[in-house]
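Notes to accompany the following structure.
What follows draws every value from the coordinates through simple rules; no lab data is involved. Nothing here was measured: the structure is a model prediction, and the numbers come from that model. Quick reminder, even Gly has a Cβ in these numbers, built from the backbone with ideal geometry, and neighbours come from all protein chains shown.
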Amino acid sequence: MRLIALRACAKINLGLRILGLRDDGFHELRTIYQSVSLADEVEVGLSGSNGAVRLEASGFEVPEGSENLAVRAAEAVRKALRIRRGILIRLHKRIPPGSGLGGASSDAAAVLRAVPALCGRTLPIEKLLHLAAELGSDVPFFLVGGRAIGLGRGEEVYPLPESPRRSVVILLPGEGMSTAEAYRLLDIAQRRPRLTGAIARPTIELFCGQALQSGALRLNNDFEPLLFRRRPELAEAKRLLLRRGAEIASLSGSGSAVFGMFEDAAKARRAARELGDSGANAFLGRTISRREFSRSGAVSRSPGAVSRSR
């Protein structure tokens, strides 16, 4: 079986504003996505005959069957291509679930990219983006990568000018956070109204203007006040990163990962080492440009590629 191997890169959110609840039950948001080097390893292969989608996983524990977003992505792209061949997904999970780093969405996007390539077929980018948006709000970003603005429920993605490379230290304090639960708590705490078009349009223009002028470095995450009160260790993680020289530090998405961006790579290395020595779960990485992101996958491997099974 020929396999295609991809790196499914994580993301961080450089600012996240939640405007309100939409009529479709989703939240209207504004965010800046940024790809980072922490990544899952995904291998995808096709069987020679009719078959099911099969998942082999290692690393962090992941859902199985239709509960797994990568499996759902395989089913969706198989239907779009009108193929019946079985699909094998080998996933080595390095991005912690419930961290706000988009690991499951990134895995799903990797599968959407890999299956057409294995079939020698192409799907228009508009079709891929539609499939991605059906799977989850973050998934379309992982077909684009680099730095991008996310509008709507996050699925409307528009590339932004790239910024200079930065080192990134990610702290993972304690257990993961359910995205659905984080939004529910935010709605209760802020008693958010239904969103109207009159509210949305000026906010889009204001947010985009701030993002382009400041590189999103001064935009806040609306989840921080609530979650920092409920989980003080997250607020402490942010303080630790700023104390060690981060230009900015913030919760990523709805948590529970907290990241710091460093202009000085030596400071970032020192911060990651010191925090790791103190017992924190720290990852040292860097930002990934859109051009580098586009080269992060679609590596063909021989049938003898090593399988990692749980």
- request: Work out the length of the dipole vector of the chain about its Cα centre, built from +1 on the beta-carbon of each Lys and Arg and -1 on the beta-carbon of each Asp and Glu, and round it to the nearest 20 debye.
  value: 580 debye
- prompt: Among Lys267, Lys127, Lys238, Lys79, which comes first, second and so on when ranked by fewest other beta-carbon atoms within 10 Å?
  reply: Lys79, Lys127, Lys267, Lys238
task: Enumerate the amide H contacts of Gly20 below 5 Å, restricted to partners 5 or more residues apart or on another chain; note that Pro and chain-start residues carry no placed amide H.
output: Glu28
- prompt: So how far apart, in nm, are the two label points at Ser47 and Glu263 if each is 7 Å from Cα heading toward Cβ?
  reply: 5.6 nm
message: Which of Glu43, Glu274, Glu155, Glu61 has the fewest other C-beta atoms within 10 Å, and how do the rest follow up to the most?
response: Glu61, Glu274, Glu155, Glu43
message: Under the rule a/c < 1.5 gives rounded, and otherwise a/b versus b/c splits prolate from oblate, where does segment 106-198 land using the Cα gyration tensor?
response: prolate
message: Springs between alpha-carbon pairs under 10 angstrom, Gaussian network model over the chain: which of Phe262, Phe26, Phe141 fluctuates most?
response: Phe26
query: What list do you get for Thr122, Thr179, Thr287, Thr31 if you sort them by fewest beta carbons within 10 Å?
result: Thr122, Thr179, Thr287, Thr31
statement: Share of Cα-Cα pairs in the chain beyond 34 Å, whole percent, is 21 percent
field: Within the chain, helix-based [θ] at 222 nm, where runs of 4 or more DSSP H residues each add -39,500 (n - 2.57), nearest 500
entry: -11000 deg cm²/dmol
